[in-house]
Each structure stands twice: as structure tokens, then as C-alpha cells.
1. Collect the residues in region 60-83 that are surrounded by 24 or more Cβ atoms within 10 Å (Cβ to Cβ) and hydrophobic (A, V, I, L, M, F, W, C), keeping them in residue-number order.
2. Scan region 375-418 residue by residue and report those that are modelled with pLDDT of 90 or more, hydroxyl-bearing (Ser, Thr, Tyr) and open to solvent by 10 Å² or more (accessible area, probe 1.4 Å).
3. In the list Met307, Met302, which residue meets the criterion of being surrounded by fewer than 17 Cβ atoms within 10 Å (Cβ to Cβ), within 29 Å of Ala411 (Cα to Cα) and of a type outside the set (Val, Ile, Thr)?
4. Taking region 255-282, which residues are open to solvent by 50 Å² or more (accessible area, probe 1.4 Å) and within 24 Å of Ile404 (Cβ to Cβ)?
5. Show the residue pairs meeting these rules: Cβ distance below 6 Å; 6+ apart or different chains; first residue within region 188-208 and among the aromatic types (Phe, Trp, Tyr); second residue in a helix (DSSP H, G or I) and open to solvent by less than 60 Å² (accessible area, probe 1.4 Å).
6. Is it true that Ala334 is crowded, with 20+ Cβ neighbours inside 10 Å and in a helix (DSSP H, G or I)?
7. Given the options Thr317, Thr285, name the one that is under 19 Å from the mean Cα position of the chain (by Cα), among the hydroxyl-bearing types (Ser, Thr, Tyr) and either in a helix (DSSP H, G or I) or surrounded by fewer than 17 Cβ atoms within 10 Å (Cβ to Cβ) (or both).
8. Against the definition (at pLDDT 90 or above, closer than 18 Å to Val341 by Cα and either among the aliphatic types (A, V, I, L, M) or part of a helix (DSSP H, G or I) (or both)), how does Tyr447 come out, yes or no?
Amino acid sequence: MTLAAEGASIMLERLEQQRRLTSNQWKLIITGNLADLLDFFDFFLIGYVLAFITKEWQLTYWQGAVILLSSGIGAVPGAFFWGWVADKIGRRKVFILTALNVALATGIMALTPGPNGWISGWLFLAVFRLLVGIGNAGLYAVDMPLVQEFMPTKKRGWVGALITTLLPAGSMLGGVAGWLLAPIIGWRGLFLLGLVPIVLVLMVRYWVPESPRWLMQMGRHEEARKSLAWALMVDPREIDLPTTGPEVEKGSWWELFKYPRSVIAGCLVGLTQTGGVGLGLWGATLFVLVLKISPADAAFLMIFVNMAAIVGRFSVTALIEPLGRRGTGTLYCAAAAVLMVLAGYLHNVVLGSVSLFFVLVMAQNFFGSAAYSVAGPYMTEIWPTRLRASGMGLAYGVGNSGKIVGPLGLALILGAKDLIKPAANLDSLGLAFVYFASWYVLGIIAYWFIGFETKGRSFEEIDAALAEPSPVKAPAA
């Protein structure tokens with residue numbers, strides 16, 4: 001064991017012996033959950049705003065598409081950049097900065113000029129949606145390392161899954177705001193609601209110290225001891241400091257590629273979101289086309305689809321430790337892929353008065369959304385501490401390209417000419433859903449043939465295994 005690992009082991013011994021989480025650790029979990037909920041509320045808000053302005057502004061297909069996809073485009077470099085910064089200046093600071101990034105970029109859109117303003121309104125929205133995407137990806141890339149690095153090994157997996165459970169609720173909350181509040185406060189008022197994540201800044205500012213593991217990595221052991229004491233709710237003097245100070249290790253972003261197994265597995269697991277994002281963006285429209293219902297009724301059905309996603313994500317917390325990351329990820333990816341294909345090819349089947357398409361889409365979202373509650377913790381755990389946020393940013397950043405290729409791929413397969421209100425050829429729906437399902441299959445390949453199991457291994461054990469005998473070697477499966 002290296003000096004760094006020995007020192008970390010001494011300080012973290014009491015944390016690893018924990019049986020129950022303290023109220024301070026639960027505060028951190030709650031903060032992470034609210035961050036994801038409000039972050040994705042801001043991210044998906046644009047879909048409901050477009051419903052108000054598309055006709056009023058007479059937006060062209062390409063103008064609407066640019067607005068809709070710009071946040072996905074910004075998410076890729078955003079995850080790369082903020083993950084790298086978090087390894088340099090700390091998880092807590094980047095959490096605060098990215099929350100401000102998302103909130104302010106969303107709130108400023110309340111000042112959007114009209115279609116004939118000093119800058120065309122659609123272009124203004126596209127630019128600031130790009131900024132929202134940059135912050136959105138950065139916040140998700142850093143909140144997972146921040147939370148996990150405060151947790152004992154035996155609880156790290158289910159805690160990581162738990163803080164992703166309310167992601168679908170962010171989209172659902174956006175729908176509720178668009179339904180109930182937009183008629184009262186207007187679409188500009190909806191953007192002002194996007195300032196709410198600033199509350200997270202205050203919560204983190206007053207509740208949460210810096211990650212103890214990051215502080216140890218920087219050689220700031222006294223601060224790390226205070227941070228651990230906050231988490232454990234004990235006197236800092238009860239936690240032993242290491243007797244020797246290891247050399248401070250600072251990682252370069254390019255060092256990530258010394259760990260090709262982690263790079264490939266992390267990026268493929270990140271891309272499992274592609275099918276779910278595509279289906280989520282098209283979901284209400286497909287309900288209108290397949291079920292021959294109104295947009296309002298389709299939006300109502302999407303509430304149940306999102307509720308299924310939330311329940312699915314909670315189910316992961318019960319399985320991720322017993323089955324491990326690879327077992328749980330494979331189970332949910334496989335179920336999501338099979339249900340996606342069935343939904344595509346059985347979209348016209350009706351059992352009594354119930355559409356099998358709706359039932360299968362809801363079931364698919366249960367497993368498909370939940371699969372990403374495994375992906376999030378796993379993408380964080382497969383890197384050495386000094387590169388953890390950068391590695392998470394790389395994997396999540398590559399995965400975010402799915403927010404572009406997912407909906408665009410389905411549009412091309414169906415022959416749609418409009419991403420917002422497409423007139424699609426439903427005869428190709430089965431093939432399109434096979435395209436969505438294929439991304440989950442990539443996740444299964446990543447878990448079983450490329451990645452390694454992280455269940456039951458402390459971050460310090462993973463660090464040591466990744467360093468022996470060369471950076472390419474990973475822990476045994």
C-alpha cells in the first residue's frame with residue numbers, strides 16, 4: 001500500500017466502520033437529490049416554453065430544433081470542463097459554480113427579446129440554453145463524487161443511486177409548472193422559476209464542507225479531518241491524522257487515457273441514456289400519433305411515464321449492493337432493451353381498452369431510467385481519486401452526446417421533418433425503437449466485457465488496484 005493509501009486509511013477508518021448515516025450525511029444526500037431535480041427542471045423547461053412561442057413567433061423547424069438541442073450540445077463540453085475543474089479546485093466550489101451557472105442562465109431568458117428584437121429571440125434562447133447545458137452537465141458530474149466521497153464503502157452504491165431518483169421529477173415538475181403556472185405568469189415567468197437552484201448554493205454554502213478525500217489528495221489533512229468530523233458528527237480530535245504526509249498527487253486531464261478500460265467502459269455506460277432521452281423527447285408526440293389523442297392527454301400520460309421512472313430508480317437502491325454494479329446495470333439495461341423493442345413492434349396492439357404501447361413505454365421507462373441510477377455511481381467509481389471528477393466528466397460528457405444522436409436518429413429513421421411536431425412514418429417505429437435499444441446493449445457489453453466490479457471496494461482500494469503494476473491494470477472482476 002502506498003503512503004497516500006495508508007494515510008487515507010488511517011483517517012477514514014471510522015467512516016468505513018459506520019453502520020448508520022448521520023443527519024449531516026443525510027443533509028448532503030437531500031442536497032444532491034434537490035440539485036438533480038431542480039437542475040433537470042431547468043433543463044427540460046424549454047420544451048414547455050416552446051409550446052407557447054412556436055406558433056406566436058412562427059418559428060421554423062430549424063430554429064425550434066436549434067433551441068431544443070442547444071442544451072444537449074453544451075452538455076458535452078460542460079461535463080468535460082467542470083469535471084476537470086472539480087479535480088483542480090474542489091467538488092464543493094464547482095457544485096456552487098455550476099448551480100449558479102444553471103440558475104442564472106435560465107433566469108436571464110426571462111429577458112428574451114421578441115422575434116424582431118435587438119437580437120432575434122430564438123437565437124437568444126439558443127445561446128443561453130447552450131449555457132444551461134454546460135452548467136447542467138457540470139452539476140451532475142460533480143455532485144456524485146461530492147456525495148460518494150462522504151460515504152462508507154458499504155453504503156456508497158445505494159446512496160449514489162438514491163441521489164438520482166428525482167431526476168425524472170424535474171421534467172415532471174416542468175410539466176406541472178407549464179400546465180398550472182404558465183397561464184398565470186406567462187412563459188417568461190417560467191424562466192424566472194429557473195432561479196430556484198440558487199437555493200442550493202445557500203444550502204451547500206452553509207451545510208456542506210469540501211470532500212474529505214479531495215482534501216486528503218491535496219495534502220490538506222487538518223481540513224479533511226474537520227470535514228470527516230462534520231460528516232460523522234464527532235469531535236475532530238477523535239479522528240487520527242496520518243503520521244507521515246504523502247506527496248501531493250495532482251492529476252492531468254490527459255492522464256485519464258492511461259486508464260483505457262475505465263475510459264471505454266465509462267463512456268459506453270454513459271451512452272446508455274441515448275435511447276431514454278430520445279424516447280423522453282418524443283414520448284408525448286408519439287402518444288399523439290399512435291394513440292390518436294390530444295397533446296393535453298398525451299402530456300397527462302407522460303406524468304405516469306415519469307412516475308414509473310421515479311419508482312424504477314428507487315428500486316435500484318435495493319439491488320445495487322447485493323447484485324453489484326455490473327449485475328444491476330446488466331439486469332436493467334437488458335430489460336430496458338427488450339421492452340423498447342416490444343413497444344416499437346407492438347405499438348398498434350390494444351388489450352381491451354388499454355394500449356399496449358402505453359403500458360410498454362411506461363414499463364420501459366421504469367427500467368430504462370433506472371439503468372442510469374446504476375450508471376451514475378459506476379461512472380464515478382472507476383477512476384483514481386485524483387482524477388475522479390475529470391473521469392466522471394469525460395464519461396458523462398460523451399454520454400451526453402446521446403441527447404443529440406438519440407432524438408435525431410429516431411427522426412431520421414421515421415422520416416420526420418419536424419422535431420417538435422413531427423409527422424412521422426409509424427411503419428418504421430419498430431426499427432427506430434431497435435435503434436434506441438441498441439444503446440442499452442452497449443451498456444451490457446461495457447459492464448461485462450470491459451468494466452470491472454466496484455462493489456465492496458473502498459476508493460482507496462480502487463486507487464491501489466489501478467496503480468498496480470501499471471495504470472492500465474484494473475481491479476479483478
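The values are calculated or read from the model by the stated rules, or taken from the named source; none is laboratory data. Just so it is clear, the structure is predicted and the values come from calculations on it, not from any experiment. In this analysis, Cβ positions are derived from the backbone assuming ideal geometry, glycine residues included, and neighbour counts consider all displayed protein chains. Note: areas computed on protein heavy atoms with side chains; ligands, DNA, RNA excluded. Shrake-Rupley method; radii C 1.70, N 1.55, O 1.52, S 1.80 Å.
1. Ile67, Ala75, Ala79, Trp82
2. None - no residue of region 375-418 is modelled with pLDDT of 90 or more, hydroxyl-bearing (Ser, Thr, Tyr) and open to solvent by 10 Å² or more (accessible area, probe 1.4 Å), so the list stays empty.
3. Of the residues listed, the single one that is surrounded by fewer than 17 Cβ atoms within 10 Å (Cβ to Cβ), within 29 Å of Ala411 (Cα to Cα) and of a type outside the set (Val, Ile, Thr) is Met307.
4. Phe257, Ile264, Leu281
5. From residues that are among the aromatic types (Phe, Trp, Tyr), the pairs are Phe191/Thr106; Phe191/Met109; Phe191/Ala110.
6. no
7. Testing whether each residue is under 19 Å from the mean Cα position of the chain (by Cα), among the hydroxyl-bearing types (Ser, Thr, Tyr) and either in a helix (DSSP H, G or I) or surrounded by fewer than 17 Cβ atoms within 10 Å (Cβ to Cβ) (or both) leaves just Thr317.
8. No; evaluated as a whole, the condition is false for this residue.
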